[in-house]
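One structure below.
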Amino acid sequence: MAAQGVSQQVRYTPDEACSPFVAAAVGLQGVALVLAPTILVVAVAVRAIGEDEAYLTWAVFAALLINFVVIGLHATSAPRLGSGHIVISGPTVQFVAVAIVALSEGGPATLASLMVVCSFAQFAMALWLPALRRVLTPVVTGTVLMLVAATLLPVATGRLNELPAGAPNYAGPTVALVTLGVAVMLTLRATGPWRLWSTLISIAVGCAVTAAFGQYELQRIADAPWAGFPEPQFPGIDLTPGVEFWALLPTFLVLTLVLGTKVVSDGTIIQRVSQREARAIDFRRVQGMVNTNGLAMLLAGLAGTPPLQTYASFSASLISLTGVAARRVGYAIALIFLAVALFPKFGALLLTIPSPVMGAYLLMALGVIFVGGIQTIVQGGLDAQKSLVVGLALSVGLGLDGHEVIPFVLGDTLGAAFSSGVMYGAIVAIGLTQLLERTGPRPQRLETGLDMSELPAIDEFLRELATDQQWDEHSTERLRSAGEETLTSLLQQEGDDTPEARSRLVVLARPGGASMELEFVATTDRENLEDQLAYLSDEIRLPEANEISLRLLRHYASSVRHQKYHGIDIVTVVVERAA
């Protein structure tokens with residue numbers, strides 16, 4: 001019943017403590033992956049608007065400090081903030097184009113105001129995530145993950161030949177091939193400490209091959225200062241926004257919500273690769289992840305640097321390749337970013353890693369994220385209708401990614417901002433999913449209390465549904481029994497005498513011909529039923545009292561999915577009609 005796991009070789013799960021030495025080693029690998037894109041995106045944005053070197057220095061410094069705060073928060077399990085996982089983040093290139101427009105039209109204060117407003121849109125998205133569960137379905141989130149991986153492939157392959165002028169034509173591909181070969185062999189065959197160091201070993205081998213071609217750049221390290229703290233250049237907030245602000249606000253909000261959808265997808269894949277055994281997704285941590293991403297945008301707006309976004313491909317690949325998902329690594333990555341911000345020479349050392357080496361590593365990372373998207377889609381069930389949704393969304397997203405028709409229709413300015421195929425694929429996936437939702441049978445609704453005394457009302461509700469669908473007596477009894485055992489299982493998590501046990505319960509039923517989907521929406525906070533069903537042993541033994549209802553539920557229902565949000569539990573049960 002639980003979702004299929006992605007990694008079966010995790011040595012340290014998020015809640016398990018690894019040694020400081022291991023955390024630092026894996027953290028260095030994570031920072032090496034994201035440091036160059038972080039500085040590159042900031043530099044492109046600042047130079048595009050003609051700002052001077054002093055502002056560029058401040059913007060890079062601010063981005064590194066925000067990364068320190070955000071990645072550290074992601075590693076925590078603070079209420080409403082953080083995800084308790086390794087979540088690598090960095091400036092997002094999707095916002096560069098619209099940020100340049102905002103700066104040119106209204107100045108730094110207008111851009112800061114837009115980003116602050118959009119940060120609150122992400123806070124609202126996290127709060128309303130339970131209501132968006134029928135919008136951000138596994139089909140949508142999985143499709144977005146696949147599109148992210150597929151659209152970034154040209155970026156990875158484009159790095160394979162990025163070496164200084166004068167390098168042989170075959171130098172870049174040779175460096176990348178050697179790096180990729182070593183990384184693959186170590187990942188597939190290495191065990192114990194060798195697997196922990198697989199990424200660093202492959203990077204070191206790639207650097208050595210680059211040096212053999214005489215193309216390894218050491219001057220950057222020599223030129224970088226040992227320590228530095230730039231002069232602050234806060235842009236300020238425009239408290240009386242003008243026409244430019246209101247004209248650009250819809251564009252910023254749409255882009256923010258699309259990227260927020262990606263954060264939800266990122267949260268699911270990071271949770272999957274972080275567990276040793278298959279477990280259900282904890283959407284409370286996804287909510288915390290979206291909130292933290294909103295905080296990152298708020299801080300970036302106040303500081304005057306491009307907004308940060310989660311890099312699921314880097315996070316998932318780091319965990320998969322090293323087998324370390326302990327949150328201590330997140331703290332280590334945060335501290336390393338702080339050191340890079342305060343000590344530029346340390347950052348310069350990491351930036352000397354050749355582009356072909358990072359391109360080879362990115363190829364492996366994108367493969368991991370693409371497979372994760374497939375598994376996310378499959379775990380939610382894949383019928384003919386959902387297959388069409390995924391296929392069309394992928395076709396549109398990949399076909400329009402960077403296509404010249406977009407600036408032709410929207411103009412050069414907006415065309416540059418909305419050239420990402422991920423956005424169009426997400427819009428198609430969400431639109432078709434909602435079309436199926438709105439044109440399907442209208443769900444029947446029952447509101448009651450979360451208490452065993454409400455069982456007769458729930459039973460009568462299910463009996464009437466079965467009668468309307470002309471189900472036979474055997475199928476009707478299966479439906480009624482599944483409803484009873486779901487209610488019993490919810491109540492048995494902490495006992496019927498707790499205050500939460502008498503909370504509000506909404507039952508939604510969606511007939512599907514040969515099946516019935518029941519959704520139990522309860523304002524309570526229980527242990528995940530989906531995980532408990534997965535952990536039930538099939539061995540012949542006398543079950544414990546709290547396992548009886550779970551075993552019966554597994555018998556009556558063809559699938560059970562439990563989504564946990566802050567203050568809300570949603571149990572989705574599908575009951576098949578008897579043949």
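The values are calculated or read from the model by the stated rules, or taken from the named source; none is laboratory data. Computed from a prediction, not measured in an experiment: that's the story for all the values here. Quick reminder, even Gly has a Cβ in these numbers, built from the backbone with ideal geometry, and neighbours come from all protein chains shown. We work out accessible area using only protein heavy atoms, side chains counted, and drop any ligands, DNA or RNA first. Shrake-Rupley method; radii C 1.70, N 1.55, O 1.52, S 1.80 Å.
Of all the listed residues (Arg279, Arg272), the sole one being open to solvent by 10 Å² or more (accessible area, probe 1.4 Å) and at pLDDT 75 or above is Arg272.
Scanning region 161-172 for residues that are touching a Ser or Thr at 6+ places or on another chain (Cβ under 6 Å), modelled with pLDDT under 85 and closer than 27 Å to Val521 by Cα turns up nothing.
Checked against the criterion of being in a helix (DSSP H, G or I) and under 30 Å from Ala102 (Cβ atoms), the candidates Ala360, Ala300 yield just one match: Ala300. When each of Val205, Val135, Val117, Val155 is tested for being open to solvent by 20 Å² or more (accessible area, probe 1.4 Å), in contact with a helix residue (DSSP H, G or I) (Cβ under 9 Å, 6 or more places away or on another chain), over 30 Å from Ala429 (Cα atoms) and of a type in the set (Val, Ile, Thr), the lone residue that passes is Val205. Of the candidates Gly242, Gly236, Gly267, the single residue that is of a type in the set (Gly, Ala, Ser) and open to solvent by less than 20 Å² (accessible area, probe 1.4 Å) is Gly267.
Of all the criteria given as (1) closer than 27 Å to Phe61 by Cα; (2) in contact with an Asp or Glu (Cβ under 6 Å, 6 or more places away or on another chain), the one not satisfied by Glu244 is (1). Applying the condition of being in contact (Cβ under 8 Å) with a residue 60 or more places away in the chain, out of contact with any Phe, Trp or Tyr (no Cβ under 8 Å at 6 or more places or on another chain) and not in a loop (DSSP other than H, G, I, E, B) to region 210-233 and asking which residue is surrounded by the most Cβ atoms within 10 Å (Cβ to Cβ) yields Ile221. Of the listed requirements (1) buried (at least 17 other Cβ atoms within 10 Å of the Cβ); (2) in a helix (DSSP H, G or I); (3) at pLDDT 85 or above; (4) not aromatic (Phe, Trp, Tyr), Asp459 misses just one: (1).
Tallying residues that are under 20 Å from Leu295 (Cβ atoms), in a helix (DSSP H, G or I) and at pLDDT 80 or above within region 77-124 yields 14. Report whether or not Leu180 is open to solvent by 40 Å² or more (accessible area, probe 1.4 Å), in contact (Cβ under 8 Å) with a residue 40 or more places away in the chain, closer than 21 Å to Thr310 by Cβ and of a type outside the set (D, E, K, R). Here the answer is no, as Leu180 does not meet what is asked. Restricting to region 299-322, name every residue that is within 16 Å of Gly372 (Cα to Cα) and of a type outside the set (Ser, Thr, Tyr). Residues satisfying the conditions are Ala312, Phe314, Ala316, Leu318, Ile319, Leu321. Could you tell me whether any residue of region 407-423 is at pLDDT 75 or above, of a type outside the set (S, T, N, Q) and closer than 30 Å to Gly512 by Cα? No: zero hits. If you go through region 1-53 and keep only what is open to solvent by 40 Å² or more (accessible area, probe 1.4 Å), at pLDDT 80 or above and not small (Gly, Ala, Ser), you end up with Arg11, Tyr12, Asp15, Glu16, Pro20, Phe21, Leu28.
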